[in-house]
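The values are calculated or read from the model by the stated rules, or taken from the named source; none is laboratory data. Everything numeric here is computed off the predicted structure, so don't read it as measured data. Note that we place each Cβ from the backbone using ideal geometry, even for glycine, and neighbour counts take in every protein chain shown.
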Amino acid sequence: MYQTLLSSIENNVLTLTINRPEKLNALNKNVFTDLDNALNNIETNSEIKSVIITGAGPKAFVAGADISEFSDYTKDQAVAMAQRGQDIFFRIERCNKPIIAAVNGFALGGGCELSMACHFRIASENAKFGQPEVNLGLIPGYGGTQRLVQLIGKGRALELLMSGNMIDANTALQYGLVNYVVKQEELLTTARSVLETINSKAPLAVAACIQTANAVYDESKNGFELEIKEFGNCFATDDMKEGVSAFLGKRKASFKGR
Ligand code: COA
């Protein structure tokens with residue numbers, strides 16, 4: 001189905017594994033094509049309620065964009081490449097279903113950017129994050145300059161962007177870049193368990209959480225107004241009626257996503 005991704009579904013959680021371990025899962029054109037196609041499936045396949053993105057092998061989540069594709073790029077090709085990467089990462093960020101990154105090693109350059117486009121991140125103890133593009137005479141092109149500032153603040157972000165330094169998993173936890181740091185062998189089970197909790201909630205409300213939180217960083221939207229609108233929309237759903245009636249009836253709610 002895909003050239004560069006492994007895909008499996010368990011309990012409505014899709015795990016997408018970027019599978020180029022010999023190149024530390026670097027993002028080449030094929031990975032972007034596969035991610036784009038995977039997003040089509042995620043958006044339309046009702047069996048998928050949430051998604052984990054991770055990397056193959058014990059060493060890397062994704063060690064960046066594939067540098068071997070860079071050498072003969074013109075300025076226009078570079079712009080097109082950054083635009084394509086940003087478009088796909090926006091699809092992840094704006095997806096109505098939760099997509100989280102399980103960061104199992106190096107998350108550098110485009111890998112750090114991919115993890116930051118996800119709704120949140122869980123890291124294994126060996127994870128390392130960084131935006132080393134300055135080492136190549138470059139800056140991030142897939143949203144890294146924006147999302148790193150959003151997630152860890154301008155001072156810390158600029159230090160990482162300008163120095164190219166990596167931070168370890170515990171520093172990432174302290175910075176708020178990741179929600180949990182766990183042993184590598186527990187990474188996927190932790191990610192699945194967090195998503196299974198979310199999957200048990202009302203899907204339309206979960207989607208509205210994502211869209212309203214995204215509005216904080218979208219100048220074209222007033223997040224407070226959107227929150228009022230989405231709050232009202234919830235009252236028109238069967239799931240809200242079910243949630244309230246289950247609470248009042250002291251039983252567990254069963255949500256249908258309607
Ligand atoms: N693009 C293309 N290939 C990459 C890559 C990338 N971003 N990152 C790693 N690889 C390849 C290496 O070229 C090597 O391939 P080879 O065996 O055919 O020579 C293989 O993955 C293993 O990497 P290697 O460098 O030997 O592993 P290491 O443990 O010594 O170092 C890193 C790991 C992550 C520190 C190092 O690979 C690195 O600095 N990668 C580039 C990170 C980067 O600059 N990312 C931003 C790109 S814009």
When you look at Glu10, is it more than 14 Å from the ligand (Cβ to nearest atom), buried (at least 16 other Cβ atoms within 10 Å of the Cβ) and among the acidic types (Asp, Glu), yes or no?
no
Quick check: anything in region 83-91 in contact with a Lys or Arg (Cβ under 6 Å, 6 or more places away or on another chain) and modelled with pLDDT of 95 or more?
no
Residue among Ala65, Ala60, Ala101 that is at pLDDT 95 or above, touching a Cys at 6+ places or on another chain (Cβ under 6 Å) and not β-branched (Val, Ile, Thr):
Ala101
So, first residue among the small types (Gly, Ala, Ser) in region 160-172, second residue more than 15 Å from the ligand (Cβ to nearest atom) and not in a strand (DSSP E or B), Cβ within less than 7 Å, six or more apart or across chains; the pairs are Ala169/Glu125; Ala169/Val178; Ala172/Val178
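Matching residues to (1) closer than 19 Å to Tyr142 by Cα; (2) touching a residue at least 60 places away in the same chain (Cβ under 8 Å); (3) within 12 Å of the ligand (Cβ to nearest atom); (4) not β-branched (Val, Ile, Thr):
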{"residue": "Pro21", "(1), (2), (3), (4)": "no, no, yes, yes"}
{"residue": "Asn41", "(1), (2), (3), (4)": "no, no, no, yes"}
{"residue": "Ile52", "(1), (2), (3), (4)": "no, yes, no, no"}
{"residue": "Phe70", "(1), (2), (3), (4)": "yes, yes, yes, yes"}
{"residue": "Gln77", "(1), (2), (3), (4)": "yes, no, no, yes"}
{"residue": "Phe90", "(1), (2), (3), (4)": "yes, no, no, yes"}
{"residue": "Pro98", "(1), (2), (3), (4)": "no, yes, no, yes"}
{"residue": "Ala101", "(1), (2), (3), (4)": "yes, no, no, yes"}
What are the residues in region 136-151 that are part of a helix (DSSP H, G or I) and near the ligand (Cβ under 8 Å from one of its atoms), if any?
Leu136
Inspect region 126-140 for any residue being among the aliphatic types (A, V, I, L, M) and touching a Cys at 6+ places or on another chain (Cβ under 9 Å) and give the result as yes or no.
no
Do any strands (runs of 3 or more DSSP E) entirely within region 34-128 hold 2 or more residues that are within 16 Å of the chain's Cα centre (by Cα) and over 22 Å from Thr197 (Cβ atoms), and if so, which?
60-62, 106-108
Counted residues, region 30-39 - those being farther than 28 Å from Ala169 by Cα and within 15 Å of the ligand (Cβ to nearest atom):
1
What residue, of Glu133, Glu113, Glu159, is over 18 Å from Ile100 (Cβ atoms) and within 13 Å of the ligand (Cβ to nearest atom)?
Glu133
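Can we say Ala60 is more than 9 Å from the ligand (Cβ to nearest atom) and surrounded by 24 or more Cβ atoms within 10 Å (Cβ to Cβ)? Give the derivation first.
Numbers: more than 9 Å from the ligand (Cβ to nearest atom): no; surrounded by 24 or more Cβ atoms within 10 Å (Cβ to Cβ): yes.
Against the criterion (more than 9 Å from the ligand (Cβ to nearest atom) and surrounded by 24 or more Cβ atoms within 10 Å (Cβ to Cβ)), Ala60 does not qualify.
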